[in-house]
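Colleague: Attaching a single structure in structure tokens format; questions to follow.
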Amino acid sequence: MKKNKDVIIETAIFMCGMLSIIFVISIFIFLFKEAISFFWDYNFIKFLIGKNWYPNSNKPLFGILPTIIGSFLVTFGACVVAVPIAVMSALYISEIAPKGVRNILKSLVELMAAIPSVVIGFIGIRTVVPFVKFFFNIPTGLTAFTGSIMLACMIMPTIITISEDAIHSVPWEYKEGAFALGATKWQTVRRIVLKEARPGIIAAVMLGIGRLVGETMAVMMITGNSANIPDSIFDPVRTMTATIASEMGEVVRDSAHYKALFAIGLVLFVITFIVNFIADLFLRKK
Amino acid sequence: MRYLKFFLLLIFVFFCLYMQTRHDNHKCISVQIKGSDTMLNLIQALVEKNSKLKANVSITGGGSGAGLASLINATCDIAMSSRSIEKREKILAEKKNIKIAEFKIGLDGLAVLVNKNNPVDKLTLNQLKDIFMARITNWKEVGGEDRKIVILSRESNSGTHIFFKERVLRDNNKNAIEEFSVKSLMMPSSQTIYDEVFRNPNALGYVGIGFINSGVKALSIAVDIDSEYIYPTLENILNGTYSILRPLYLYTNTKQKDIIKTFINFVLSDHGQKIILETDFVPLKCKVKNKVK
């Protein structure tokens, strides 16, 4: 009787473990199936480097270069803003802050991770958008830069939590050794702690980037949605995710436009897959 | 004992499910209406005022394209559309063996909005075309201040987007290939266009005339440089002098439920047309027209 129970539970757990693999593979197959028929009638190179996205024209054009650049620009900007702040804040939490402060900070950071992206977008549209327009004196506040700032707020908690874990797991003996040799606190942190925790920090950043590339709601609300190749970070842009989200609801099934949106989804999937793969490499290196 | 509890629970669940289905059958049929965001409030009002419509009605937006697409995919009963059905959509419907019936229920004017502090208050259709195609990029070229123009447009599947493109950019020429400039910002709804125009003195965008209020300024439009500039009021749309005017349609499957037929008859009746007028759209029937004046 007991043995039977064991077997049943074991199989159940095994099935659950397999489920995620099945999900990933079937999602990929579905995306690939829907997207591949698009490339029978539309050149893949023309799709990737085309500068115009006019899906409903008499002669439709499906060029996603502006949206790739848009996604890249917003992601890059958000990283530049978020990574230094997040890493320093992780350092403060795990190395410098007294225990009481540390506990409060940690739970606040985790709370910050729970803010839904639509709320971030809403706050951005009411506060950061008018501020950016006024401060930089540009025609509109709906720009890639605004998106970067709001998205930076969104990924900071992820980066802080994971890098804090990495920093915290640096063995105490290493630090003791450094102090014994007469190193100051800053020297120890810079030369020993950061160096030892580097793979973990890079993995944290990579996971953050993965989340950035896939983020939809906030960028749709605050980056302006203009499928134009931007001259600078202060121009409106449109991201790949926003293109899919804003057009998918309105498209006729099995039309070229519908398949083109799946093709964008495939490109996105490949990009996030590569980013996560790199993050995994760094985590494993440790 | 444990099994007994479980058994009772099971019976209870089945009982609930049974009641649920019985309840549904007894009460009503469900009607799905989907399509143009512009017509959302209008159809909502029409459904609410129609006391004979004893059905579970759900109305969702998403754009005219979305409505027609789901009519073709048979996921809705009525599609609201602010443009007439396109050839490629008709072909798709034929492929799926769906015959579509068209009902014109009213008219809508599109207003071009600018910020209240913008000194420009009139434009010709040609100037509008040049602005939306980014051939004119500064307000001073059309008599305003030295500011860059921020073009606001709806997304490419919105009926409003398609109508404005055909009427203003292509001048109703079916073979033309003009498109909105890639520099235009594609806003997800008419409300977001209104919000951005309200806040930003550089912006200009187009919305249905229902959106005009004291917070923003609607432009007077002239067909060409020699003709009169006409402000988009209800009267000017009724007498046809305002130039950016479009029809509103309901599309259904010809094999429809009776309840949908009665609903459409209600919309086309005097009472229905009066509701259309009350929600800032323009009715079709002359009788109601006289009542306005």
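Colleague: In a GNM of chain B with a 10 Å cut-off on Cα contacts, which of B:Ala176, B:Ala101, B:Ala218 has the highest mean-square fluctuation?
Modeller: Answer for the Gaussian network model of chain B: B:Ala176.
Colleague: Take chain B, connect every pair of alpha-carbon atoms lying under 10 Å apart with a spring to form a Gaussian network, then pick out the residue of B:Asp121, B:Asp258, B:Asp195 with the largest mean-square fluctuation.
Modeller: B:Asp258
Colleague: Label-point separation (nm) for B:Thr233 and A:Arg190, each offset 7 Å from Cα along Cα-to-Cβ?
Modeller: The two pseudo-label positions are separated by 7.4 nm.
Colleague: Oh, and also: Is chain A rounded, prolate or oblate when judged by the Cα gyration tensor, a ≥ b ≥ c being the square roots of its eigenvalues, rounded requiring a/c under 1.5 and prolate requiring a/b larger than b/c?
Modeller: The shape class here is oblate.
Colleague: Once you compute Rg and the Kirkwood Rh from C-alpha atoms, what is the Rg to Rh ratio for chain B?
Modeller: 1.09
Colleague: Now, a different point. Considering the zone a paramagnetic label at A:Val270 would reach in this model (a point 7 Å from Cα along the Cα-to-Cβ line), which residues of segment A:1-34 have amide N under 12 Å from it?
Modeller: So the set is A:32.
Colleague: Let me ask something additional. Restricting to DSSP H runs of at least four residues, report the calculated mean residue ellipticity at 222 nm for the protein assembly as shown, -39500 (n - 2.57) per run over all residues, nearest 500 deg cm²/dmol.
Modeller: Mean residue ellipticity, 222 nm, calculated: -17000 deg cm²/dmol.
Colleague: Residue by residue through A:241-249, how many Cβ atoms from other chains fall within 10 Å of the Cβ on average?
Modeller: Per residue, the number of nearby Cβ atoms from other chains is 4 on average.
Colleague: Still on this model: Rg and Dmax of segment B:108-245 over Cα atoms: what are they, in angstrom?
Modeller: Gyration radius and largest Cα-Cα distance of segment B:108-245: 13.6, 38 Å.
Colleague: By how many degrees, 0 to 90 and rounded to 10, does the Cα axis of helix A:65-91 deviate from the longest principal axis of chain A?
Modeller: Computed tilt is about 10 degrees.
Colleague: In addition: Quick check: the distance between the Cα centres of segment A:124-190 and segment A:1-68, to the nearest angstrom?
Modeller: That distance is 32 Å.
Colleague: Step through the residues of segment B:234-242 one at a time and calculate ³J(HN,Hα) from phi using the Karplus curve (6.51 cos²θ - 1.76 cosθ + 1.60, θ = phi - 60°), rounding each to whole Hz and writing x for Gly and Pro.
Modeller: 4, 4, 5, 7, 4, 8, x, 7, 6
Colleague: Using a Gaussian network model on chain A with a 10 Å cutoff between Cα atoms, which of A:Ala144, A:Ala86, A:Ala183 fluctuates the most?
Modeller: With Cα springs under 10 Å in chain A, the top fluctuation among A:Ala144, A:Ala86, A:Ala183 is at A:Ala183.
Colleague: Using the alpha-carbon centroid of each, what span in Å lies between segment B:139-175 and segment A:203-278?
Modeller: 25 Å
Colleague: How far is it, in nm, from the label point at B:Ser30 to the one at A:Asp280 when both lie 7 Å from their Cα along the line to the Cβ?
Modeller: Calculated label separation equals 4.0 nm.
Colleague: Average partner chain C-beta neighbours within 10 Å, per residue of A:137-144?
Modeller: Per residue, the number of nearby Cβ atoms from other chains is 4 on average.
Colleague: Taking the Cβ-Cβ separation of A:Phe44 and B:His271 as r and a Förster radius of 56 Å, what is the calculated FRET efficiency to the nearest 0.05?
Modeller: Between A:Phe44 and B:His271 the formula returns 0.50.
Colleague: Take every Cα-Cα pair in the protein assembly as shown and report what % of them are more than 41 Å apart.
Modeller: Of the Cα pairs, 39 percent sit more than 41 Å apart.
Colleague: Just how large is the dipole of chain A about the Cα centre, in debye to the nearest 20, putting +1 at every Lys and Arg Cβ and -1 at every Asp and Glu Cβ?
Modeller: 440 debye
Colleague: Out of residues 5 or more away from B:Asn138 or on other chains, whose amide H comes under 5 Å of its own, with H placed 1.01 Å from N in the peptide plane?
Modeller: Those lying under 5 Å, H to H, from B:Asn138 are B:Ile149.
Colleague: Specify the angular offset, from 0 to 90 degrees and rounded to the nearest 10, of the alpha carbon long axis of helix A:194-214 from the longest principal axis of the alpha carbons in chain A.
Modeller: Once rounded, the angle reads 20 degrees.
Colleague: Still on this structure, please answer the following. Given a Förster distance of 35 angstrom, what is the FRET efficiency for B:Phe15 paired with B:Lys257, based on the Cβ-Cβ distance and rounded to 0.05?
Modeller: The calculated FRET efficiency here is 0.70.
Colleague: Under the 0.36 nm per residue contour assumption, what length would be gained going from the current alpha-carbon distance of A:Ile85 and A:Asp254 to full extension?
Modeller: Extra length available between A:Ile85 and A:Asp254 comes to 56.3 nm.
Colleague: Moving on. Please determine, in degrees from 0 to 90 and to the nearest 10, the orientation of helix A:144-168 with respect to the longest principal axis defined by the Cα atoms of chain A, where the helix direction is its Cα long axis.
Modeller: Roughly 30 degrees between the two axes.
Colleague: Using a 10 Å cut-off around each Cβ of peptide B:183-196, what is the average number of partner chain Cβ atoms that fall inside?
Modeller: Partner Cβ neighbours, averaged per residue: 4.
Colleague: A follow-up question, please. Go through segment A:227-240 residue by residue and turn each phi into a ³J(HN,Hα) via Karplus (6.51, -1.76, 1.60, θ = phi - 60°); whole Hz please, and just put x for glycine and proline.
Modeller: 6, 10, 6, x, 7, 8, 6, 8, 9, x, 9, 10, 9, 4
Colleague: Same structure, new question: What's the extension gain from B:Asn41 to B:Ile91 if we count 0.36 nm per residue and subtract their Cα-Cα distance?
Modeller: Length gained, B:Asn41 through B:Ile91: 15.0 nm.
Taken together, the values in this text are just the output of simple stated rules run on the coordinates, not laboratory data. The shown structure was predicted, so the numbers you read here are calculated from the model rather than taken from an experiment. When we count neighbours, we look across all protein chains shown, and the Cβ atoms used for this are built from the backbone with ideal geometry, even at glycine.
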